[in-house]
1. What is the one condition in (1) hydrophobic (A, V, I, L, M, F, W, C); (2) under 22 Å from residue 217 (Cα atoms); (3) crowded, with 19+ Cβ neighbours inside 10 Å that residue 304 does not satisfy?
2. Among the listed residues 73, 93, which satisfies the condition of being open to solvent by 10 Å² or more (accessible area, probe 1.4 Å) and touching a residue at least 24 places away in the same chain (Cβ under 8 Å)?
3. What about residue 51, is it surrounded by 16 or more Cβ atoms within 10 Å (Cβ to Cβ) and in contact with a Pro (Cβ under 8 Å, 6 or more places away or on another chain)?
4. Find the residue count for region 107-130, including only residues that are within 23 Å of residue 212 (Cα to Cα) and either open to solvent by 10 Å² or more (accessible area, probe 1.4 Å) or modelled with pLDDT under 95 (or both).
5. Exactly one condition in (1) open to solvent by 40 Å² or more (accessible area, probe 1.4 Å); (2) within 16 Å of the ligand (Cβ to nearest atom); (3) under 26 Å from residue 165 (Cβ atoms); (4) of a type outside the set (Lys, Arg) is false for residue 274; which is it?
6. Residue by residue through region 138-153, note down the ones that are under 12 Å from residue 82 (Cα atoms) and among the hydrophobic types (A, V, I, L, M, F, W, C).
7. Hey, any hits in region 154-161 for a residue that's open to solvent by less than 20 Å² (accessible area, probe 1.4 Å), more than 16 Å from the ligand (Cβ to nearest atom) and under 18 Å from residue 14 (Cα atoms)?
8. When the residues of region 7-40 are narrowed to those that are surrounded by fewer than 23 Cβ atoms within 10 Å (Cβ to Cβ) and of a type in the set (D, E, K, R), which ends up farthest from residue 176 (Cα to Cα)?
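The values are calculated or read from the model by the stated rules, or taken from the named source; none is laboratory data. Since this is a predicted model, take the numbers as computed values, not measurements. Counting neighbours? That spans all protein chains shown, and the Cβs are built from the backbone with ideal geometry, glycine included. These accessible areas exclude ligands, DNA and RNA; they are computed on the full protein's heavy atoms, side chains included. Shrake-Rupley method; radii C 1.70, N 1.55, O 1.52, S 1.80 Å.
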Amino acid sequence: MKNILIVGAGGQIGSELVPHLRGIYGVNNVVATDLDDNKLQALSDGPVVKLDALDGERFSDIVKKYNIDTIFNMVALLSATGEKDPMLAWKINMGALENSLNIAKDNKCAVFTPSSIGAFGPNTPHDNTPQDTIMHPTTIYGVCKVSGELLSNYYHTRFGVDTRSVRFPGIISNVTLPGGGTTDYAVEIYYDAIRYNKYTSNLGKDTFLDMMYMPDALDACVQLMEADPAKLIHRNSFNITAMSFDPEMIAAEIRKHNPDFILDYNVDEVKQSIANSWPNSMEDKCAREEWGWNPKYDLSKMTVDMLEKVKIKFDKGLI
Ligand code: AKB
């Protein structure tokens, strides 16, 4: 990777992926694009360009202008938001991918697109979910993710485009809030622990889901895109996980630092039914074997860091 374009750079992952990649590949070699001017402003220590990823002509002009060799397509409406307007989610999620793949084909770029635990469905084995298994999701988000995986593999075998992807679990971070995801509670709980010492979970007890701390997610993006292609048996997409917990487990971890922390429940039926259709915990041995995936953060190490970083934001009046 020499000249990188990030599409959807203002989102939860994109906003941290941009500085991460700039730190490795050079500030001027990572171009951040988004629809939102305010989000671009925050990334303007390097090149930023306003772009609607559905505008293929402008997208293609930017790739040519900056001599891009790698596209990170981070555009997505998440699972819970997608259910509010399924056709809009299809249009945005698949439209951004379609443009990324065609522009990559025409300009000889590699493409990274995140898939998700949302690509699995109720009849997937829920425990130790294998890499290659039944994928019949029941959300439009999941339908887009499975379609995206298939389309990306097709562009690789049919046109030779270097497409690669991971199935991200819920990503926990302290810079940009996620929006409209089923796993968002695992971020909100830390913010509310600092602000109110209390959190009302919108997912019920015993709802186990795979999760990962942002630094591991960023490492995964780089490690996979730098992996020797000869070693990749899979491409789109690799199971990766760092931990699996339910709301009680994360609350217990927070109580080690804030003993009076209170957790109660007000279950959101839509989010709960989505969570019930997803794996409890995935098996990620193919990622470990094919490109060396090895996360550094477990629940307790992540909790120490989240509470510390969110407290700093609180003390500065930023939240
Ligand atoms: C969501 O909850 O929609 C996302 C995801 C797991 O892909 N965080």
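1. (3)
2. Working: 73 fails: open to solvent by 10 Å² or more (accessible area, probe 1.4 Å).
That would be 93, the only listed residue that is open to solvent by 10 Å² or more (accessible area, probe 1.4 Å) and touching a residue at least 24 places away in the same chain (Cβ under 8 Å).
3. On the way: surrounded by 16 or more Cβ atoms within 10 Å (Cβ to Cβ): yes; in contact with a Pro (Cβ under 8 Å, 6 or more places away or on another chain): no.
Taking the combined requirement at face value, the residue does not satisfy it.
4. In the first step, residues of region 107-130 are kept if they are within 23 Å of residue 212 (Cα to Cα); the result is 111-122, 124-130.
Applying the additional criterion that residues be either open to solvent by 10 Å² or more (accessible area, probe 1.4 Å) or modelled with pLDDT under 95 (or both) yields 113-114, 122, 125-128, 130.
Matching residues across region 107-130 total 8.
5. That leaves (1) as the condition not met.
6. Matches in region 138-153: 140, 143, 144.
7. From region 154-161, those open to solvent by less than 20 Å² (accessible area, probe 1.4 Å) are 161; that's our starting set.
Filter again for more than 16 Å from the ligand (Cβ to nearest atom), leaving 161.
Okay, now just the ones that are also under 18 Å from residue 14 (Cα atoms), so none.
Taking every residue of region 154-161 in turn, none turns out to be open to solvent by less than 20 Å² (accessible area, probe 1.4 Å), more than 16 Å from the ligand (Cβ to nearest atom) and under 18 Å from residue 14 (Cα atoms).
8. 22
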